[in-house]
1. Kindly sort TRP15, TRP120 by accessible area of their heavy atoms, largest first, with the probe set to 1.4 Å.
2. Taking R0 as 35 Å, what FRET efficiency do you get between ARG31 and GLU88 from their Cβ-Cβ distance, rounded to the nearest 0.05?
3. Kindly sort ARG26, ARG130 by accessible area of their heavy atoms, largest first, with the probe set to 1.4 Å.
4. I'd like the FRET efficiency for LEU69 and LYS95, computed as 1/(1 + (r/R0)^6) with the beta carbon distance as r and R0 of 35 Å, rounded to 0.05.
5. Going by the alpha-carbon gyration tensor, a ≥ b ≥ c the square roots of its eigenvalues, is segment 6-59 rounded (a/c under 1.5) or, if a/c is not under 1.5, prolate (a/b greater than b/c) versus oblate?
6. Can you give the local net charge around ARG130? Use residues other than it whose beta-carbon is closer than 13 angstrom to its beta-carbon, Lys and Arg +1, Asp and Glu -1.
7. Excluding same-chain pairs closer than 8 in sequence, count the lysine pairs in the chain whose Cα atoms lie under 22 Å apart.
8. Amide H of ARG78: which non-local residues (sequence gap of 5 or more, or other chain) have their own amide H closer than 5 Å, using H built in the peptide plane?
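The values are calculated or read from the model by the stated rules, or taken from the named source; none is laboratory data. Please read all numbers here as calculations on a predicted model, not as lab measurements. Cβ placement follows ideal geometry from the backbone for every residue including glycine, while neighbour counts extend to all protein chains displayed. Only protein heavy atoms, including side chains, enter the accessible area calculation; ligands, DNA and RNA are left aside. Shrake-Rupley method; radii C 1.70, N 1.55, O 1.52, S 1.80 Å.
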Amino acid sequence: MLGYDTLFFTGDDDWQMVITALNEGRTILTRDTQIMSRGVIASGRLKAILIRSDEPEQQIKQVTDELKLDTVQNLFSRCLECNQPLKERTREQVKGRVPAYVFRTQDQYVECPACHRIYWKGTHWQAMNRTLEKLRQG
Ligand SMILES: [Zn+2]
(Lines give C-alpha, C1' and ligand atoms only; values in the text may rest on other atoms or scores of the structure.)
Protein backbone atom coordinates (compact mmCIF):
# COMPACT_ATOMS: atom_id res chain seq x y z
CA MET A 1 0.00 0.00 0.00
CA LEU A 2 2.79 2.43 0.90
CA GLY A 3 4.72 1.71 -2.28
CA TYR A 4 7.69 -0.05 -0.72
CA ASP A 5 9.39 -3.03 -2.34
CA THR A 6 8.10 -5.94 -0.27
CA LEU A 7 8.57 -9.69 -0.45
CA PHE A 8 6.09 -11.93 1.34
CA PHE A 9 7.97 -15.01 2.45
CA THR A 10 5.81 -18.11 2.37
CA GLY A 11 8.32 -20.93 2.80
CA ASP A 12 9.01 -22.57 6.15
CA ASP A 13 12.79 -22.48 5.68
CA ASP A 14 13.72 -19.45 7.82
CA TRP A 15 17.33 -19.68 6.71
CA GLN A 16 16.30 -19.09 3.09
CA MET A 17 14.44 -15.96 4.22
CA VAL A 18 17.51 -14.73 6.11
CA ILE A 19 19.80 -15.35 3.10
CA THR A 20 17.37 -13.57 0.76
CA ALA A 21 17.10 -10.60 3.14
CA LEU A 22 20.90 -10.34 3.42
CA ASN A 23 21.45 -10.63 -0.34
CA GLU A 24 18.76 -8.09 -1.22
CA GLY A 25 19.30 -5.67 1.67
CA ARG A 26 15.82 -6.26 3.07
CA THR A 27 14.47 -5.77 6.58
CA ILE A 28 12.64 -8.76 8.06
CA LEU A 29 9.23 -8.08 9.62
CA THR A 30 8.20 -11.02 11.77
CA ARG A 31 6.11 -12.14 14.71
CA ASP A 32 8.50 -15.03 15.34
CA THR A 33 10.75 -14.47 18.37
CA GLN A 34 12.91 -17.46 17.30
CA ILE A 35 14.03 -15.60 14.18
CA MET A 36 14.90 -12.54 16.26
CA SER A 37 17.35 -14.61 18.33
CA ARG A 38 19.40 -15.71 15.31
CA GLY A 39 23.00 -14.47 15.48
CA VAL A 40 22.86 -12.57 12.21
CA ILE A 41 19.93 -10.51 13.53
CA ALA A 42 20.97 -10.25 17.19
CA SER A 43 24.38 -8.95 16.03
CA GLY A 44 22.71 -6.25 13.94
CA ARG A 45 24.13 -7.53 10.63
CA LEU A 46 20.59 -8.07 9.37
CA LYS A 47 17.84 -5.69 10.39
CA ALA A 48 14.59 -7.21 11.67
CA ILE A 49 11.53 -5.90 13.46
CA LEU A 50 9.50 -8.04 15.83
CA ILE A 51 5.87 -7.09 15.18
CA ARG A 52 4.09 -6.71 18.52
CA SER A 53 0.40 -6.23 17.73
CA ASP A 54 -2.23 -8.56 16.26
CA GLU A 55 -3.98 -5.54 14.75
CA PRO A 56 -2.99 -4.72 11.13
CA GLU A 57 -3.35 -0.97 11.75
CA GLN A 58 -1.05 -1.10 14.76
CA GLN A 59 1.38 -3.26 12.78
CA ILE A 60 1.57 -0.62 10.04
CA LYS A 61 2.06 2.08 12.68
CA GLN A 62 4.91 0.17 14.34
CA VAL A 63 6.72 -0.52 11.04
CA THR A 64 6.35 3.01 9.64
CA ASP A 65 7.47 4.53 12.96
CA GLU A 66 10.48 2.26 13.47
CA LEU A 67 11.69 2.43 9.86
CA LYS A 68 10.68 6.11 9.54
CA LEU A 69 8.84 5.33 6.32
CA ASP A 70 7.26 7.98 4.14
CA THR A 71 3.51 7.30 4.21
CA VAL A 72 2.50 9.93 1.64
CA GLN A 73 4.72 10.02 -1.46
CA ASN A 74 4.37 6.63 -3.14
CA LEU A 75 1.02 5.32 -1.97
CA PHE A 76 -0.42 2.53 -4.11
CA SER A 77 2.45 2.67 -6.58
CA ARG A 78 3.04 -1.10 -6.49
CA CYS A 79 0.81 -4.09 -7.23
CA LEU A 80 -0.70 -5.40 -3.99
CA GLU A 81 -0.46 -8.95 -5.37
CA CYS A 82 3.00 -9.12 -6.94
CA ASN A 83 4.96 -6.05 -5.77
CA GLN A 84 5.66 -4.72 -9.29
CA PRO A 85 5.71 -0.94 -9.84
CA LEU A 86 2.40 0.02 -11.50
CA LYS A 87 2.12 1.76 -14.88
CA GLU A 88 -0.34 4.53 -15.69
CA ARG A 89 -3.08 3.65 -18.15
CA THR A 90 -5.55 5.81 -20.02
CA ARG A 91 -9.29 5.25 -19.94
CA GLU A 92 -9.16 3.93 -23.49
CA GLN A 93 -6.51 1.38 -22.55
CA VAL A 94 -8.71 -0.18 -19.87
CA LYS A 95 -11.96 -0.13 -21.86
CA GLY A 96 -13.68 -3.50 -21.55
CA ARG A 97 -11.27 -4.59 -18.82
CA VAL A 98 -12.93 -2.85 -15.86
CA PRO A 99 -16.58 -2.95 -14.76
CA ALA A 100 -18.85 -0.61 -16.74
CA TYR A 101 -19.69 1.46 -13.67
CA VAL A 102 -16.01 1.97 -12.93
CA PHE A 103 -15.33 2.94 -16.54
CA ARG A 104 -18.09 5.57 -16.40
CA THR A 105 -16.96 7.10 -13.12
CA GLN A 106 -13.14 6.82 -13.00
CA ASP A 107 -10.55 8.68 -15.10
CA GLN A 108 -7.26 7.46 -13.63
CA TYR A 109 -6.02 3.89 -13.85
CA VAL A 110 -2.81 1.98 -13.27
CA GLU A 111 -1.91 -1.54 -14.36
CA CYS A 112 0.50 -4.14 -13.06
CA PRO A 113 2.90 -5.14 -15.87
CA ALA A 114 3.22 -8.64 -14.38
CA CYS A 115 -0.31 -9.83 -13.49
CA HIS A 116 -2.18 -7.17 -15.55
CA ARG A 117 -4.48 -6.34 -12.64
CA ILE A 118 -5.96 -2.86 -13.10
CA TYR A 119 -6.35 -0.48 -10.15
CA TRP A 120 -8.40 2.68 -9.77
CA LYS A 121 -9.27 5.01 -6.93
CA GLY A 122 -12.52 3.32 -5.94
CA THR A 123 -14.05 2.61 -2.56
CA HIS A 124 -11.35 0.10 -1.58
CA TRP A 125 -8.66 2.70 -2.31
CA GLN A 126 -10.59 5.33 -0.33
CA ALA A 127 -10.93 3.00 2.67
CA MET A 128 -7.19 2.20 2.67
CA ASN A 129 -6.40 5.89 2.31
CA ARG A 130 -8.60 6.76 5.31
CA THR A 131 -6.83 4.12 7.39
CA LEU A 132 -3.43 5.56 6.47
CA GLU A 133 -4.62 9.10 7.20
CA LYS A 134 -5.80 7.98 10.64
CA LEU A 135 -2.41 6.39 11.33
CA ARG A 136 -0.57 9.55 10.24
CA GLN A 137 -2.52 11.52 12.78
CA GLY A 138 -1.57 8.99 15.45
ZN1 LIG B 1 0.53 -7.67 -10.16
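1. Working: TRP15 125, TRP120 75 Å².
Solvent-accessible surface, decreasing: TRP15, TRP120.
2. Working: r = 36 Å, r/R0 = 1.02.
So, using R0 = 35 Å, E works out to roughly 0.45.
3. Values: ARG26 55, ARG130 150 Å².
So the residues, ranked largest to smallest area, are ARG130, ARG26.
4. On the way: r = 36 Å, r/R0 = 1.02.
About 0.45, to the nearest 0.05.
5. Details: a/c = 1.68, a/b = 1.38, b/c = 1.22.
Prolate, since a/c reaches 1.5 and a/b exceeds b/c.
6. Charge balance in the 13 Å sphere: +1.
7. Details: LYS47/LYS61; LYS47/LYS68; LYS61/LYS134; LYS68/LYS134; LYS87/LYS95; LYS87/LYS121; LYS95/LYS121; LYS121/LYS134.
Lysine pairs, 8 or more places apart or on different chains, close enough: 8.
8. Excluding prolines and chain starts, which carry no amide H, the hits are GLY3, LEU86.
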